[in-house]
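Student: Take this structure first; my questions come after.
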Amino acid sequence: MSEQIQPNYDANGLAPVILQDSETKRVLMLAYMDSEAYSLTLVHGTCHFFSRSRNEIWHKGATSGNFMNVVSIELDCDSDAVLVQVRPSGPACHTGTESCFDH
């Protein structure tokens, strides 16, 4: 992926990220990125996030194999939120459902 403008991160150095299936347009999950996770996502073409509970970067799919393959990345109008359209290689949610918004 080519270099893009960085989001405007909050006081904790984080930006919220919405993952959306590029084909169905279904919202899959909400996560957070810091500048390192954002850069890793751009370089590798798969989503990396910042875990607020573990205080570390995590590569979505590294353990489960359910990678989120980036199709496009957009910032909102004031660049403080990120929309990532992906082609999932498996369920997005850690519970095994397609979306974290499944009930």
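Student: Suppose the filter is more than 10 Å from the chain's Cα centre (by Cα) and without any contact (Cβ under 8 Å) to a residue 40 or more places away in the chain; does Pro91 pass it?
Tutor: So Pro91 fits the description; yes.
This table checks each residue for (1) in a loop (DSSP other than H, G, I, E, B); (2) more than 17 Å from Glu98 (Cα to Cα); (3) small (Gly, Ala, Ser).
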| residue | (1), (2), (3) |
| --- | --- |
| Gln20 | no, no, no |
| Thr24 | yes, no, no |
| Met29 | no, no, no |
| Tyr38 | no, yes, no |
| Val43 | no, yes, no |
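Student: Within the range 19-33, which residues are over 15 Å from Phe67 (Cα atoms), more than 8 Å from the chain's Cα centre (by Cα) and of a type outside the set (Ser, Thr, Tyr)?
Tutor: Glu23, Lys25, Arg26, Val27
Student: State which residue is surrounded by the most Cβ atoms within 10 Å (Cβ to Cβ) when the search covers only the range 60-86 and only residues that are of a type in the set (S, T, N, Q) and in a loop (DSSP other than H, G, I, E, B).
Tutor: Asn66
Student: If you don't mind, another one. Would you check if Gly65 is farther than 19 Å from Asp102 by Cβ, small (Gly, Ala, Ser) and over 12 Å from the mean Cα position of the chain (by Cα)?
Tutor: Spelling it out, Gly65 is indeed farther than 19 Å from Asp102 by Cβ, small (Gly, Ala, Ser) and over 12 Å from the mean Cα position of the chain (by Cα).
Student: From the residues in the range 10-33 that are crowded, with 16+ Cβ neighbours inside 10 Å and free of Cβ contacts under 8 Å to residues at least 60 places away in the same chain, which one is farthest from His94 (Cα to Cα)?
Tutor: If we take residues in the range 10-33 being crowded, with 16+ Cβ neighbours inside 10 Å and free of Cβ contacts under 8 Å to residues at least 60 places away in the same chain, then Leu14 is farthest from His94 (Cα to Cα).
Student: If you don't mind, there's one more thing I want to ask. Checking the structure you have, find out if any residue of the range 34-44 is more than 13 Å from the chain's Cα centre (by Cα) and farther than 18 Å from Cys93 by Cβ.
Tutor: yes
Student: Among (1) surrounded by fewer than 16 Cβ atoms within 10 Å (Cβ to Cβ); (2) among the aromatic types (Phe, Trp, Tyr); (3) closer than 14 Å to Gln6 by Cβ, there is one condition Phe101 misses while meeting the rest; what is its number?
Tutor: Among (1) surrounded by fewer than 16 Cβ atoms within 10 Å (Cβ to Cβ); (2) among the aromatic types (Phe, Trp, Tyr); (3) closer than 14 Å to Gln6 by Cβ, Phe101 violates only (3).
Student: Mind listing whichever residues of the range 75-99 are farther than 11 Å from Val27 by Cβ and touching an Asp or Glu at 6+ places or on another chain (Cβ under 6 Å)?
Tutor: Answer for the range 75-99, where residues must be farther than 11 Å from Val27 by Cβ and touching an Asp or Glu at 6+ places or on another chain (Cβ under 6 Å): just Pro91.
Student: Only one residue in Pro7, Pro16 is in a strand (DSSP E or B) and either closer than 17 Å to Phe101 by Cβ or not β-branched (Val, Ile, Thr) (or both). Which one?
Tutor: Pro16 is the lone residue from the list that is in a strand (DSSP E or B) and either closer than 17 Å to Phe101 by Cβ or not β-branched (Val, Ile, Thr) (or both).
Every read-out reported here was derived from the displayed coordinates using simple, explicitly stated rules and does not represent laboratory data. These numbers come from a predicted model, not from an experiment. Reconstructed Cβ throughout: ideal geometry from the backbone, glycine too, with neighbour counts over all protein chains shown.
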